[in-house]
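A.B. asks: I'd like to ask some things about the structure below.
Rule-based calculations on the coordinates, nothing more; no lab input. All values reported here derive from a predicted model rather than from experimental measurement.
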Amino acid sequence: MLLMGSAAALCAGVARAMARTANARVAADVGVARSTLYNFAVGLVCSVVAWLALSSAPAADMLATAAAPPWAYIGGALGVLFVVCSNLAAPRMSSFVMTLLILVGQIAAGLVLDGLLRGHVAPLQIVGCVLLFAGLAWDVAASRRTAGAGKGHDPRTARGGSDAGISGSKMWKQA
């Protein structure tokens, strides 16, 4: 079970990085607000198709309310927040740095949630989060020093280019 869960988590990470890059490309063409709407419209269609294909329950049960508490349905709103923030950040940094920032945010949130929901966070987990953030800061500083030596340095391209060659100015005008 651990192997299957680990493989699923790795696939989710790859899918998130690829989706973020694709979403940012759409945002560059149509703006952040419309690209977010398109992202979730396509996601809704894919979710319905997946549910119909994988569920043994009748289609009428799709709209039945679940036993989850009302606060648990905030996931969709947080997904919208993630897409909007990613689309806003993508033209300003490399995929590598953005992925690390997202990872640090996820780890910090995981620590807080474990503390609130499970009542315990191991001190070494906190140290690991701090070390990850320090490594990210070190990488960004080193990238700026190395790339800053040349003329016309653009921090968005310091690690090999911004996602999908997105032009930030076009994206912001349409947002």
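A.B. asks: Can you list, bin by bin at 10 Å, the percent of alpha carbon pairs in segment 94-149, starting at 0?
C.D. replies: Bins of 10 Å from zero give 23, 43, 23, 10, 2 percent of pairs.
A.B. asks: Rounded, prolate or oblate: pick one for segment 56-135, where a ≥ b ≥ c are the square roots of the eigenvalues of its C-alpha gyration tensor, a/c under 1.5 means rounded, and failing that, prolate if a/b is larger than b/c, else oblate.
C.D. replies: Judged from the Cα gyration tensor, segment 56-135 comes out oblate (a/c at least 1.5, b/c at or above a/b).
A.B. asks: With the cut-off at 1.5 for a/c, could you classify segment 1-152 from its C-alpha gyration tensor as rounded, prolate or oblate?
C.D. replies: Oblate, since a/c reaches 1.5 and b/c is not below a/b.
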